[in-house]
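> Please read through the structure below; I'll follow up with questions.
The values are calculated or read from the model by the stated rules, or taken from the named source; none is laboratory data. Note that the structure is predicted; figures quoted are calculated from it, not measured. Glycine also receives a Cβ, built like all others from the backbone with ideal geometry; neighbour counts cover every protein chain displayed.
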Amino acid sequence: MTDRYKTFMILAECKSFTETAKRLFCSQPTVSQHIQQLESEYNCKLIKRHKRAIELTDKGNLLLQYAKRMQYLQDELRHKMDSLIATHLQVSLYLSHYVASHYFDELFQNSKQLTSLYPCEMYSLCYEELKKSLLDKHAKYTIMPIYESDPIMIERFHIESLFEEEFSLVIAKSHPLATRKVLYAKDLEAEAVLLPQSVHLAELIKHALHVKDVSVYYMKMTNFDLILKGVQQGLGVAFLPTKMVSSDVAVTQKIIKGLSIKRRTALVRDMEQPLTDGEEAYYEHIKARLQNVTIA
């Protein structure tokens, strides 16, 4: 909005050339000049004097309505532009439910300096949702598990390993195998094995048992947390990340001799999308925190 419209709006409010000049820190002739320019542009009288006060003509009132609307639109535009700038500076982080639940402290403890400089928004998603976010170009990088059975991810994206976790056998304290010091795969014969809905992780577990020629039956559950509850209630046994159950007194962890199930977690990056300074800062921060993490 030009200065003359601002002058006109203040004059309409103050109804005095003297007061308007004071408000604008300018001279009265400048105020008069701005009004004359507007009257010349619209070829009409915008103000009239009445008992030493300034009043608007009908056309002056019409111009005032539009001037206020222009002021509103200008303020709205400025707000939206500022919001877009803030959105551009904000970093979107995509990570697996498991990492969000069990590695949040490792990621963000004492990280106020980073999060203050580059505010972030976090999306905790399942494997397939994270994969789709990358393929659809919504995410530039994600923190997620890597499976050899899904070559699309390995071929399409840059994989930077963060850590590898062992999945141990988890059984209820009351389970007959809980007191055994050494377990073999054959000890699981005819047991119910609780599996996650994740196809790739379920296949990883099933393959490890198939190689050992163990006959078990499977029950699928939504996620690790639900599986753990199932184990606690004696619905079956499960293979879960050691870190997740290391401090759970309701269950027992066991190592099966000759059977190893491991899963790798990595930063998966779309190299076709350049990173902003903020995204780069978080990328390096995540690497530094999780590549040096101690797995319980």
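> Go through Ala192, Ala178, Ala208 for me and flag whichever is surrounded by 18 or more Cβ atoms within 10 Å (Cβ to Cβ), more than 30 Å from the chain's Cα centre (by Cα) and of a type outside the set (Val, Ile, Thr).
After ruling out the rest, the residue left standing is Ala208.
> For Ser124, state whether it is in contact (Cβ under 8 Å) with a residue 40 or more places away in the chain, surrounded by fewer than 20 Cβ atoms within 10 Å (Cβ to Cβ) and either part of a loop (DSSP other than H, G, I, E, B) or polar (S, T, N, Q) (or both).
no
> Considering only the stretch 108-121, state which residues are hydroxyl-bearing (Ser, Thr, Tyr) and either outside any loop (DSSP other than H, G, I, E, B) or surrounded by fewer than 14 Cβ atoms within 10 Å (Cβ to Cβ) (or both).
Ser111, Thr115, Ser116
> Then there's this: Can we say Leu11 is at pLDDT below 90 and more than 25 Å from Arg289 (Cβ to Cβ)?
Against the criterion (at pLDDT below 90 and more than 25 Å from Arg289 (Cβ to Cβ)), Leu11 qualifies.
> Pull up the stretch 229-261, narrow it to residues that are basic (Lys, Arg) and within 23 Å of Gln197 (Cβ to Cβ), then point me to the one that is modelled with the lowest pLDDT.
Once the filter is applied, the top-ranked residue is Lys243.
> Restricting attention to the stretch 258-279, does a residue exist that is surrounded by fewer than 17 Cβ atoms within 10 Å (Cβ to Cβ), among the small types (Gly, Ala, Ser) and in contact with a Lys or Arg (Cβ under 9 Å, 6 or more places away or on another chain)?
Taking every residue of the stretch 258-279 in turn, at least one turns out to be surrounded by fewer than 17 Cβ atoms within 10 Å (Cβ to Cβ), among the small types (Gly, Ala, Ser) and in contact with a Lys or Arg (Cβ under 9 Å, 6 or more places away or on another chain).
> Additional query: So, Ser215, is that one more than 24 Å from the chain's Cα centre (by Cα) and surrounded by fewer than 13 Cβ atoms within 10 Å (Cβ to Cβ) or not?
Considered against the rule, which asks whether it is more than 24 Å from the chain's Cα centre (by Cα) and surrounded by fewer than 13 Cβ atoms within 10 Å (Cβ to Cβ), Ser215 comes out as yes.
> Being more than 24 Å from the chain's Cα centre (by Cα) and hydrophobic (A, V, I, L, M, F, W, C) is the filter here, so list the residues in the stretch 160-175 that pass it.
Residues satisfying the conditions are Phe167, Leu169, Val170, Ile171, Ala172.
> Quick one: would you say Ile143 is closer than 23 Å to Glu279 by Cβ, at pLDDT 95 or above and either assigned to a strand (DSSP E or B) or among the hydrophobic types (A, V, I, L, M, F, W, C) (or both)?
Spelling it out, Ile143 is indeed closer than 23 Å to Glu279 by Cβ, at pLDDT 95 or above and either assigned to a strand (DSSP E or B) or among the hydrophobic types (A, V, I, L, M, F, W, C) (or both).
> Hey, Gln65 hits all of (1) farther than 30 Å from Arg289 by Cα; (2) of a type in the set (S, T, N, Q); (3) surrounded by 12 or more Cβ atoms within 10 Å (Cβ to Cβ); (4) modelled with pLDDT of 90 or more but one; which does it fall short on?
(3)
> Sticking with this structure for a sec: For the stretch 127-140, how many residues meet the condition of being within 19 Å of Pro274 (Cβ to Cβ) and part of a helix (DSSP H, G or I)?
3
> So, one more: Among (1) closer than 24 Å to Arg156 by Cα; (2) more than 30 Å from the chain's Cα centre (by Cα), which single condition is Leu275 missing?
Tallying (1) closer than 24 Å to Arg156 by Cα; (2) more than 30 Å from the chain's Cα centre (by Cα), Leu275 fails exactly one: (2).
> Could you please let me know if Glu191 is farther than 22 Å from Glu148 by Cα and in contact (Cβ under 8 Å) with a residue 12 or more places away in the chain?
Criteria met by Glu191.
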